[in-house]
Amino acid sequence: MNMFVRNCWYVAAWSHEVAQGLFSRTILDEPICFFRGQDGEVVALADRCAHRGAPLSMGRLEAGALRCMYHGVKFAPDGKCIEIPGQDRIPTGMCVRSYPVAERNRWVWIWMGDPARADPSLIPDTWSLGSPQWAYKPGYYHYDAPHMLICDNLLDFSHIGYVHPTTLGGTENIALSKPVVKPADNGVRVERWLLNEVPAPFHTKVASFAGRVDRWHFYEFVAPGVLIMHSGVQATGTGAPQGRYHDALEFRSCQAVTPETTGTSHYFYAVPRNFAIEDEQITETIFADVVAAFEEDRVMIEAQARRLAACPDAPMVAIGADAGLMQFRRLLAARLQQEQAPVSAANA
Ligand code: FES
Ligand SMILES: [Fe+2]
C-alpha cells in the first residue's frame, strides 16, 4: 500500500547537486533522473527508459533532450519520445513520466502526486536559504531510517540535552522547559524558551557570553517534513523574551526530510546566520558542529529504526514531550487518508 502523501512538494536536491549532467535520486520509491534543460530549468524524468527499463541517468544529454545509452531512444524534457534509431514510428506508450519541479532558494522541489495540482505557491517559504544577508554551508545526509522517525526527532527538542550534550545542548534542563505546540498552516508550530541558562557549546565557539543566557527555538514544521526555524541566544536580562533582540546570535535554519524508500530517507539542512556573514571560518565552525550534532541524531534514530523493525508490534508509550510529533503524525495520517479515499467518497 502506498505509505506516502503524494500531493505535496518534497525537497529533491540542493540546486548545486543538479549541475551539469545527469543526477539520479530515488524519491518515494521512484528513481528519478534530474538535469537542466537548455534554459537552465531543472527537469525531472522517471529514471527508467520506456523501452527496456535501463536507467536514463546512464544516458546522454543532447541539446536539452535525453538519449538512453542502451539502444539510443531519445526523450524530450517533457518525457515524450522524439527519436527511435532506425524507425520513424513511435509506439504508443513510448514516453517517460515527467514530474513538476520548481527551484526556490537553492532547493529543488518535486511534486510526486497529481501534476494538475502542483501549485508552486504551496512551496514552503525557506527565504533564509536565498538571502545574501544570511550565511551558511549546505548539508545533506542519507538516513537508513523511515522519514517519520526523523520528523519525530525534529518535532521534539527535549532530546537536545541528552543526544547533544557537547554540541547543541549543554544542559539537560532543555527537557524541563515546556514548549508551546499549536496547529499551523499545513503543520505544527513549536515555541520553546530556555531562560537564564548556560549557552550551548555550539554557541560559545562563535561568541563569548559573560553570564547566563536566554535561548529560544521557534519553528514551523510543515507537511511533508520541512522545518523552518528562528532560534537564538542572548544574554539574560536584555529583553529577548520581550521581543527585543540585540547582541544575539540568531539563526534561521531550514531542514527537510524526504522519503527515499519506506525505510530510508534524505535529509537536507542548513543553519543560516546573520552575524559575521563574511567570516568563512565561522561558517566552517558552525557547519562542523551542526554535522557533529546531526551525526548524533543519525546514530540514535538509525538504532531506534533497527529496534522498531526487529519488534514491529511492541507498543510505544507516549509522554508529554510527544505533543508536537503526535499532532504532526495525525495531520499526515489525515492527508494520506484523504488521498487514498475512493473518488466517489471524495465527491460525495
Ligand atoms: S532500454 Fe533505453 S533504449 Fe533500450
Ligand atoms: Fe537532534
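Find the percent of Cα-Cα distances in the chain that exceed 34 Å, and round it to a whole number. Let's see the in-between values first.
Numbers: 19785 of 60378 pairs.
For the chain, the share of Cα pairs beyond 34 Å comes to 33 percent.
What percentages make up the Cα-Cα pair-distance distribution of region 9-122 when the bins are 5 Å wide from 0?
2, 12, 24, 24, 19, 11, 5, 2, 0
Rounded to the nearest 20 debye, what is the charge dipole size of region 3-95 about its Cα centre when +1 sits on each Lys and Arg Cβ and -1 on each Asp and Glu Cβ?
Around 220 debye, computed over region 3-95.
Do you know the relative contact order of the chain, to the nearest whole percent, from alpha carbon pairs under 8 angstrom that are 6+ apart? Don't skip to the end; give the middle numbers.
Working: 686 pairs, mean separation 59.9, N = 348.
RCO, the chain: 17 percent.
Can you give me the Cα centroid spacing of region 58-134 and region 154-210 in angstrom?
Taking the Cα centre of each part, region 58-134 and region 154-210 sit 40 Å apart.
Starting from the Cα of Glu280, step 7 Å along the direction of its Cβ; do the same at Arg329; then give the gap between the two resulting points in nm.
Taking the simple label geometry, Glu280 and Arg329 are separated by 4.5 nm.
Counting Lys and Arg as +1 and Asp and Glu as -1, what is the net charge of the other residues whose Cβ lies under 13 Å from the Cβ of Val190?
Numbers: positive: Lys178, Lys182, Arg189, Arg192; negative: Asp152, Asp156, Glu191, Glu220, Asp322.
That works out to -1.
By accessible area of protein heavy atoms, probe 1.4 Å, what ranking do His16, His147 get, highest first?
Correct descending sequence by accessible area is His16, His147.
Counting only residues 5 or more places away or on other chains, whose amide H sits under 5 Å from the amide H of Cys49 once H atoms are built in the peptide plane?
Answer set, sorted by chain and number: Ala54, Leu56.
Per residue of region 29-37, in order, report the coupling 6.51 cos²θ - 1.76 cosθ + 1.60 (Karplus, θ = phi - 60°) as ³J(HN,Hα) in whole Hz, putting x for Gly and Pro.
6, 10, x, 10, 9, 9, 7, 9, x
Run the numbers on region 9-122 and let me know its relative contact order in percent, using alpha-carbon pairs under 8 Å that are six or more apart.
Once divided by the residue count of region 9-122, the mean separation gives 26 percent.
Could you work out the helix-only [θ] at 222 nm for the chain, with each DSSP H run of four or more residues adding -39,500 (n - 2.57) and the total divided by the number of residues, to the nearest 500 deg cm²/dmol?
About -6000 deg cm²/dmol.
For region 82-129, go through all pairs of different Cα atoms, get the mean of 1/r, take its inverse, and jot down that Kirkwood value in Å.
It works out to 13.7 Å.
What residues from region 134-165 fall in the zone where the backbone N is under 13 Å from a label point 7 Å along the Cα-to-C-beta line of Gln304?
145-164
Could you tell me what percent of the accessible area of region 289-347 is made up of carbon and sulfur, with a 1.4 Å probe and every protein chain present?
62 percent
Under the Karplus relation 6.51 cos²θ - 1.76 cosθ + 1.60, θ = phi - 60°, what is the ordered set of whole-Hz ³J(HN,Hα) values for region 218-234, x standing for Gly and Pro?
10, 8, 10, 10, 10, 4, x, x, 10, 9, 10, 10, 10, 10, x, 8, 8
Send over a whole-number figure in Å² for the accessible area per residue of region 9-122, probe 1.4 Å.
Numbers: 5630 Å² over 114 residues.
Averaged over the residues of region 9-122, the accessible area is 49 Å².
Express the carbon and sulfur contribution to the solvent-accessible surface of region 9-122 as a percent, rounded to the nearest whole number, probe 1.4 angstrom.
48 percent
Starting from region 27-136, pick out the GluC sites (Glu not before Pro) whose DSSP state is loop and whose Cβ has at most 13 other Cβ atoms within 10 Å.
Of the GluC sites (Glu not before Pro), the ones in loops of region 27-136 whose Cβ has at most 13 other Cβ atoms within 10 Å are Glu41.
Considering only DSSP states other than H, G, I, E and B, which trypsin sites (Lys or Arg not before Pro) in region 161-220 qualify as loop sites with at most 16 other Cβ atoms within 10 Å?
In loop regions of region 161-220 (DSSP not H, G, I, E or B), the sparsely surrounded trypsin sites (Lys or Arg not before Pro) are Lys205, Arg212.
Mind checking which of Tyr219, Ala54, Met316 is farthest towards the positive end of the chain's charge dipole, using Cβ charges of +1 (Lys, Arg) and -1 (Asp, Glu) about the Cα centre?
Towards the positive end, the residue furthest out is Ala54.
In debye, nearest 20, what is the charge dipole magnitude of the chain about its Cα centre with +1 on Lys and Arg Cβ and -1 on Asp and Glu Cβ, if you could check?
560 debye
At Ser121 and Lys205, where each label point lies 7 Å from the Cα along Cα→Cβ, what is the point-to-point distance in nanometres?
The modelled label-to-label distance comes out at 4.2 nm.
Write down Rg/Rh for region 177-323, rounded to two decimals, with Rg from the C-alpha atoms and Rh from the Kirkwood relation over Cα pairs.
1.00
The values are calculated or read from the model by the stated rules, or taken from the named source; none is laboratory data. What you are looking at is a predicted structure, and each value in this text was computed from that prediction instead of being measured. Note that we place each Cβ from the backbone using ideal geometry, even for glycine, and neighbour counts take in every protein chain shown. These accessible areas exclude ligands, DNA and RNA; they are computed on the full protein's heavy atoms, side chains included. Shrake-Rupley method; radii C 1.70, N 1.55, O 1.52, S 1.80 Å.
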